[in-house]
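Let me begin by presenting the structure, written as structure tokens, before commenting on it.
FYI, it's all coordinate maths here, none of it is from the lab. Computed from a predicted model, the values in this text were never measured in an experiment. Glycine also receives a Cβ, built like all others from the backbone with ideal geometry; neighbour counts cover every protein chain displayed.
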Amino acid sequence: MLVRITVLLVTGMLLSCNTKPPIPVSDISSQAPAEQRDESTATTPPVRATNQATTSLLAQAEAAQQSNAPDRAITYLERAVRLDPRNPALWTTLAKSHLANGNLVSANQYVRKAIALANDDSELSRVAWLALADIRDAEGQNTEATSIRRRYSRARG
Amino acid sequence: MTKTKRRPTRKRGSSSHKKPSILWRLLKWSVGLVLFSGLAVIGYLIFLDRNITSVFEGRRWSVPAQVYAQPLELFPGAQLTSGALQTELQRLGYRPDADLSNPGTYKTRSGRLQINLRAFRFMERARPASIIEISFTSRHIDRITAKSGELSLIRLDPAVIGSFFPSHGEDRIVLAPDQVPSLLTDGLKSVEDRDFDKHMGFSVSGILRAAMVNLRAGKRQQGGSTLTQQLVKSYFLDGRRTYERKLQEVAMAFILEARFSKEDLLTAYVNEIFLGQNGNRAIHGFGLGAQFYFNKRLAELDVAEIATLISIIRGPSFYNPFRHPQRALERRNRILNTFRRDGLIEAATLASATNQPLGVVASPTRGGAYYPAFMDKVRAELNEHYDIRELSSQGMRVFTTIRPREQENVQRAVTHTLNQIEKDRRLPSASLQAAALVADTQTGEILALVGGRKGRVDGFNRALNAERPVGSLIKPVVYLAAIESGMQLAEMVTDEPLTLQPKYGEAWSPKNFDGKFRGPVPLIRGLAESLNLATVHLGQQIGLETIQDRFAALTQRQPKNRYPSFMLGAESLSPIKILELYGNFASGGFRTVPKAVIAVVDEQGHPLTHHPFEVIQSIRQEDVATLNRALEVVMAKGTGRSSPYAHAGVAGKTGTSNDNRDSWFAGYDNKRVSVVWVGRDDNATTGLTGGSGALRVWNEMSHYHSIEPLIHPPSEHLTEVEFSTGLLATKACADVVLVPITDRSKLEIKPGCGIRHSVKDRVKGWFQ
């Protein structure tokens, strides 16, 4: 159930992401012109053309997780990350899979990655922090876990 | 005398006495002899049987581990044109076919591309062969449909990029009986052994026929060996040609025939037989033969290609289709005629097949993708987990990160740019060498790795093993340490001469590249213009130890040079170490270890090892964002400004070692981090700076893919300051750059720009 909720949440986030296409450059021309860009424009995240694709991989990962094949779930999730490597939601889900698999080192690394990539997006960041709380619990750092939960569960309201 | 006398007597006597029994005695002797020989033969056969049957029964060919590239992912929205996808398909050995009759074929129909995808066992699951249809917009995939409906994601089968064959050199792909096309087995019988289905391992008529042919020709033209004998020869015996060995061969063939089915023997033959040599790699079996000569799977070969492979058996070097195409073609056509004679093919097929060119790949190394430099990295990573004997024998499958399209583009950029530079600067042809690496900024997975200007030569791997002084590539570490100590990019540092006198050793007086000095400059300019004096002054202020500690933490490598010249890059590093260093910046503050292996599975597909991404937080987010912005300014206004991509949203740094021996560039956008080195193997000067050498290679690399601009911190954190002075200014009144400034109150205002500190800033200033 928990996994399913995560997947739904992640899917929602994927679909709601802000989009801006990357600058296309010819595949063969060696005479491509200089790509000019206004220095003062803050860039929005790149296009998530991979939304549908990563969503289907998340569903397969969930199925694998439920049929007690965490290794396979991780393979699906890594494939999703490869398609959209700056997507914090995918890194959070990957962290959770590693947590479920007892690999706390990777779980820790990935959830921190998710937090960094979520940047100022409070919802993505909150989901990642709550995953970190679970990891801290698994590491026996219950006080820290509780304090993280207190802080980020409150943000929901 | 006595003897001579006695002997006739005895002889006479005996002959007279046993005369009627001479025949009997002869018979007895003969029977004895026959019995004895029979027993000896039987004994020998039993002996052989014991020896070879168990070996053959438990036969497990050493199956070298197969190494796969990353498969190309297809999904709606993917930036891929129909033409580019067709190029990819051809690289994988897919061929156009209006009927899509077999997996491994494709066709175009009114702008759409239909592909009969091959079955493939991926690391997590097997995908059966299937037909898909893809429609495109001008630059992207629009829709993918299959029988089952619309697809959101599907991948091509990955390219095989190599295998770990053992030291004796035998490389092979082992096939099961149902993977062997019937035309191949029938063709083999037709050409090599017409009595195969009837004989017991050797064929008297075959030997006689061969003898007749040889007699008529006056030399040895036919061997008269059955397929079983050929198998025995290849499997059990050495290459000597003696009568004793021939007998042994016949006896062994006899035993194998008695013990095993015809199908078993034929499959063994198909997997065993030697089909060619490529350097120290021996091509065994038709599975690998099909890949080596045609870049296809055996099941996908057409009639003419099967005939070509069969033609090679008789003399892999004499009928080598690469070296002797005409000879190979003639023999292929003779074999096609034999096929027709024996009713294996129709007359029309014969006509079209004989008109077909040989159709082998362009060169021996083109049998599939071949990237020896990347394979070195794969080998190095696998060596941590596996013995080379396991890798060369147990049929493992290794999934790796390389993207062939990216690899080919980077290699092309390296080769082409070096040729161009040599031409432009009238340097001796082929005097320059290079290395280049590209990795994903977030996962660290290596997408391309080039170890020299000739990609298909398995030689010195400069990307992994050439440790060269890195010059200014090291400077971002100095500026990072400054940022981490709380300095801002608009703060001033002195660009003036200085002499450092260490406790031991000579005094050191660094100089700027132009011998000039600029007085006080803001940090951002010191880095962008790569000012040596400003950097050393700054480094002295921060402390060499702090800087070296940061370097060690970011690269997991202790500096060798413990002197201040370290700050200017008097430290030798390999390109892959530089990739690791810059991965910290490109990823947004994570030590992102470059890796090549994703997973290894055993012959049955069970996972053996999985190599997860390694992303260890190493720099505070605010600090790395500031450094990234500074390295973006390097491109826009500093030593990277000659690049056509200077304003495209990329960050980077050039590096040049003393006397222009090494030309470096490291750069990244949102997606890829790359490192390029250009220099000479004899370490002589090239006259190239980082900007005129390595950066040019990177420019060409970037033409082949789209730049994904770096993400900036939100604009409210960015401030306009004058590039040359670090004063607060605006675009209207000065040459400004946008940099993250945490505390504007510290900055002075450029007069005449009409800027005033906000009340908040002024209040803040009072408390400084």
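For segment B:468-529, a simple Cβ point-charge model (Lys and Arg +1, Asp and Glu -1, everything else neutral) yields a dipole of about 180 debye relative to the Cα centre. Averaged over the residues of peptide B:151-161, the number of Cβ atoms from other protein chains lying within 10 Å of each residue's Cβ is 2. Given R0 = 35 Å, the distance between the Cβ atoms of residue A:143 and residue B:549 translates into a calculated FRET efficiency of 0.70.
Think of each Lys and Arg Cβ as +1 and each Asp and Glu Cβ as -1; about the Cα centre, that makes the dipole of the protein assembly as shown roughly 4980 debye. Take the alpha-carbon centre of segment A:64-105, take the same for segment B:475-501, and report the distance between them in whole Å. Using only Cα atoms to place each centre, the spacing works out to 41 Å.
Remark: mean inter-chain Cβ contacts per residue of B:706-717 equal 5, using a 10 Å Cβ-Cβ cutoff to other protein chain atoms.
The distance separating the Cα centre of segment B:175-211 from that of segment B:578-646 comes to 57 Å. Peptides B:671-681, B:335-345 ordered by packing proxy, namely the average of other Cβ atoms within 10 Å per residue, highest first: B:671-681, B:335-345.
The charge dipole of segment B:695-748, taken about its Cα centre with unit charges on the Cβ of Lys, Arg, Asp and Glu (plus for the first two, minus for the last two), comes to roughly 40 debye.
One quarter of the surface of the convex hull around the alpha-carbon atoms of segment B:329-471 equals 15.1 nm², the direction-averaged projected area.
Distance between the pseudo-spin-label points of residue B:147 and residue A:101 (7 Å out from Cα toward the beta carbon): 3.3 nm.
For the peptides B:730-742, A:127-139, the ranking by packing is A:127-139, B:730-742, with the highest mean count of neighbouring Cβ atoms within 10 Å listed first.
Here the relative contact order of segment B:358-454, from alpha carbon pairs under 8 Å that lie six or more residues apart, stands at 28 percent. When peptides B:504-513, B:554-563 are ranked by their average number of other Cβ atoms within 10 Å per residue, the highest-first order is B:554-563, B:504-513. Between residue B:99 and residue B:348, the C-beta separation translates, for a Förster distance of 22 Å, into a calculated FRET efficiency of about 0.90. At q = 0.05, 0.09, 0.10 Å⁻¹, what log₁₀ I(q)/I(0) does a Debye calculation on the Cα points of the protein assembly as shown give, no solvent, two decimals? Per q value, in the given order, log10 I(q)/I(0) is -0.39, -1.02, -1.19. Per-residue mean of foreign Cβ neighbours for B:76-86 is 3 (Cβ atoms of other chains, 10 Å radius). Put simply, the amide H of residue B:274, placed in the peptide plane, has neighbours under 5 Å in B:285, leaving out anything fewer than 5 places away on its chain. Database remark: amide H of residue B:706 closer than 5 angstrom to the amide H of A:25 (H placed geometrically; neighbours at sequence offset of 5 or more, or on other chains; Pro and chain starts carry no H). Treating r as the C-beta distance of residue B:380 and residue B:28 and R0 as 51 Å, the FRET efficiency rounds to 0.10. Modelled spin-label separation between residue B:137 and residue B:39, with each label point placed 7 Å from Cα along the Cα-to-Cβ direction: 9.0 nm. Backbone amide hydrogens, once placed in the peptide plane, bring residue B:712 within less than 5 Å of A:43, excluding anything fewer than 5 places away on its chain.
Over all other residues within a Cβ to Cβ distance under 10 Å of residue B:177, the charged ones net out to -3, with Lys and Arg as +1 and Asp and Glu as -1.
Ranking B:243, B:253, B:306 by how far each Cα lies toward the positive end of the dipole of the protein assembly as shown (charges on Cβ) leaves B:243 at the top.
Only one residue of B:90, B:104, B:75 has its Cα farthest out toward the positive end of the dipole of segment B:38-121, where Lys and Arg carry +1 and Asp and Glu -1 on Cβ, and that residue is B:75. One compactness figure for chain B is 1.32, namely its Cα radius of gyration divided by 2.2 N^0.38 Å.
Cα-based values for segment A:77-157, radius of gyration first and Dmax second, are 12.1, 36 Å.
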